Amino acid sequence: MTNKQMNPESIDRIEHSTYTPLEKKYLKVQFVKVTLVYLGLMAVSLFLLCAEGFAYRYAATIIVECGLLVASVVNLLILPKAYNYKGFVIREHDITFRSGIIFPSVITVPFCKIQQVSVCQNPVTRLFGLYSVDLVNGAQLLATIRIPGLTEERADKVKALVIESIKNENK
């Protein structure tokens, strides 16, 4: 085993990597999810009308509904930018997923720390024929990376590539 000094300029930085984008249909999935969440919140806020002891229930309901409407419009306007930022990179020894434009997050997991790889769907992504690849990180308790918005073929390829890379890391 060696312990050679490394030059910071010669390190392949993740910021300079080319991220693989998610499928275009995933943006529609995000729109559907956000719309359903806000419609659900708006329906729940209508229960304020049932509070007969609350003198300002009509005004409070209108304020809450308007606030939720504004929040949903802002969220729907931000979604395309957030979608364009999301992506993943598979390198020789690790996999990286980035997301978030307001609170950016870049998660890199070395293959030697991955314990489980699975391909899954939820009801909304099933409607659009999309899958996600879940990577369970053994270094942290119950930590997972979810790469959403992949076609079945692409998800299976990513899973196979990660499993093969895990095998190569453990040799």
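The values are calculated or read from the model by the stated rules, or taken from the named source; none is laboratory data. Quick caveat: nothing in here was measured; it's all calculated off a predicted structure. Neighbour counts are summed over all protein chains in view; Cβ atoms, including those assigned to glycine, are modelled from backbone coordinates with ideal geometry. When the accessible area is computed, the model is the full protein with side chains, heavy atoms only, and any ligands, DNA or RNA have been set aside. Shrake-Rupley method; radii C 1.70, N 1.55, O 1.52, S 1.80 Å.
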- request: Round to the nearest 10 and give me the degree value, 0 to 90, for the angle of helix 152-169's Cα axis relative to the longest principal axis of the chain.
  value: 40 degrees
statement: By the Kirkwood definition, with r running over pairs of different Cα atoms, the chain has a hydrodynamic radius in Å of 19.0 Å
message: I need the phi-derived Karplus couplings for segment 89-96: 6.51 cos²θ - 1.76 cosθ + 1.60, θ = phi - 60°, integer Hz, Gly and Pro marked x.
response: 9, 10, 10, 4, 10, 7, 10, 10
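Kindly state, to the nearest 0.05, the FRET efficiency for MET42 paired with GLU152, given R0 = 30 Å and r defined as their beta-carbon distance. Working shown, then result.
Details: r = 34 Å, r/R0 = 1.14.
Using R0 = 30 Å, I get an efficiency of 0.30.
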With Cα atoms, 0 to 90° folded angle of helix 25-45 axis to the chain main axis: 40 degrees
Residue-normalised accessible area of the chain, expressed per residue, 1.4 Å probe, Å²: 67 Å²
- prompt: Once amide H atoms are placed 1.01 Å from N in the peptide plane, what residues at a sequence separation of 5 or more from ILE114, or on another chain, have their amide H within under 5 Å of its amide H?
  reply: GLY138
task: Give a residue-ordered list of calculated ³J(HN,Hα) values for segment 123-132 (Karplus: 6.51 cos²θ - 1.76 cosθ + 1.60, θ = phi - 60°; whole Hz; x for Gly, Pro).
output: x, 6, 5, 5, 4, 9, x, 10, 10, 10
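How much length, in nm to one decimal, is gained on full extension between VAL89 and GLN115, taken as 0.36 nm per residue of separation minus their Cα-Cα distance? Intermediate results must be reported in sequence, preceding the final value.
Working: separation 26, 0.36 × 26 = 9.36 nm, distance 1.87 nm.
Full extension from VAL89 to GLN115 adds 7.5 nm.
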- prompt: Given Cα pairs under 8 Å that are at least 6 residues apart, what percent is the relative contact order of the chain?
  reply: 20 percent
statement: FRET efficiency (MET6, THR144; Cβ distance; R0 35 Å; to 0.05) is 0.70
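Could you tell me what percent of the accessible area of segment 12-147 is made up of carbon and sulfur, with a 1.4 Å probe and every protein chain present?
Working: 5540 of 8500 Å².
Taking all protein chains in place, segment 12-147 shows 65 percent carbon and sulfur surface.
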Average Cα contact separation per residue, segment 87-170, under 8 Å, 6 or more apart, as relative contact order %: 25 percent
field: Cα lying deepest toward the dipole's positive end in the chain, options LEU161, ASN3, LEU77, charges on Cβ
entry: LEU161
message: Spelling out what I want: for every residue of segment 57-67, take phi, set θ = phi - 60°, compute 6.51 cos²θ - 1.76 cosθ + 1.60 (Karplus), and round to whole Hz; glycine and proline get x.
response: 5, 5, 5, 5, 5, 5, 5, 5, 4, 5, x
task: For LYS159, go through the lysines and keep the ones whose alpha-carbon is under 21 Å away, minus same-chain ones fewer than eight residues off.
output: LYS24, LYS25, LYS86, LYS113, LYS167, LYS171
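When the chain is fully extended, how far beyond the present Cα-Cα distance does ALA55 get from THR18, taking 0.36 nm per residue of separation?
Values: separation 37, 0.36 × 37 = 13.32 nm, distance 5.73 nm.
Additional length available on full extension: 7.6 nm.
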